[in-house]
1. What's the center-to-center distance, using Cα atoms, between region 65-92 and region 1-29 in Å?
2. Just the projected area, averaged over all directions, of the convex hull on the alpha carbon atoms of region 21-118: how many nm²?
3. Within region 56-86, find all residues whose amide N lies under 13 Å from a label point positioned 7 Å from the Cα of residue 45 along Cα-to-beta-carbon.
4. Using 0.36 nm times the number of residues separating residue 52 and residue 176, minus their current alpha carbon distance, what extension gain do you get?
5. Considering only 179, 45, 96, whose Cα is most displaced toward the positive end of the charge dipole of the chain, charges sitting on Cβ of Lys, Arg (+1) and Asp, Glu (-1)?
6. When the Kirkwood hydrodynamic radius is evaluated over all pairs of different C-alpha atoms of the chain, what value in angstrom, to one decimal, is obtained?
7. If you project the alpha carbons of region 3-71 onto their three principal axes, what span does each projection cover, largest first, in Å?
8. Check residue 158: other-chain or 5+ apart residues with amide H under 5 Å from its amide H, H built from backbone geometry?
Amino acid sequence: MPKSKRNKIVSLTKTKGKNFDHKKDLIEQIRTCADNYQHAFVFSVENMRNNKLKEVRNLWKDSRFFLGKNNIAQIALGRSVQDEYKDGLHHIAKKLKGNVGLLFTNCNKDEAIQWFSKFAENDYARAGFEATLDVELPEGKSKISYFNGMTTGPIDQFPHSMEPYLRQLGMPTCLKKGHLVDSN
């Protein structure tokens, strides 16, 4: 009997899935780091941006960061006392849930905790986050003055694409020569 050509699943992607060898390699890398580094930390980030994490990785070049694949990291460290790779690593594996990462470093424990507790970068919030700062533009301070064809004033801190949103919030704005200006 001929094969049916109906209900045939066709994958239209060119990307290959990560196979078992890739996962075994990641487990081996985590275990190698557990051997080579003195301390392991679990850290979490809020409103993470890739370029900010890249800066942190550059500042901590002598350390190793692992993000994502929490289940694989748990297997590498050991989920229980019986199958843990080294003593005490199953406690770290239990904390690998949600949006967290794993940091291996030879830095002093107090120094690392102090640095990460103080480290914060300002960035635009993503959808769903509450604003942490109030922005106030004093009335009458946004006069137009031209210097090399550019306007100056406090409204220049916003991109031109935010003009409809600012107007929706009740701020009297308009665009002149591609720059936000107060329409009062």
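1. Between the Cα centre of region 65-92 and that of region 1-29, the gap is 27 Å.
2. Details: hull surface 25.7 nm².
Taking a quarter of the hull surface, the average projection is 6.4 nm².
3. Inside the label zone: 56-60, 65-68.
4. The span from residue 52 to residue 176 would gain 41.3 nm if fully extended.
5. Highest projection toward the positive end goes to 96.
6. Hydrodynamic radius (Kirkwood, Cα only) of the chain equals 21.7 Å.
7. Taking the Cα atoms of region 3-71, the three principal extents are 59, 30, 18 Å.
8. Close amide H contacts, sequence-distant or interchain: none at all.
Here, each number is a calculation from the coordinates, and none is a lab measurement. Worth saying up front: this structure is predicted, and the values here are computed from it rather than measured. With ideal geometry, Cβ positions are generated from the backbone for all residues, glycine too; neighbour counts draw on all protein chains shown.
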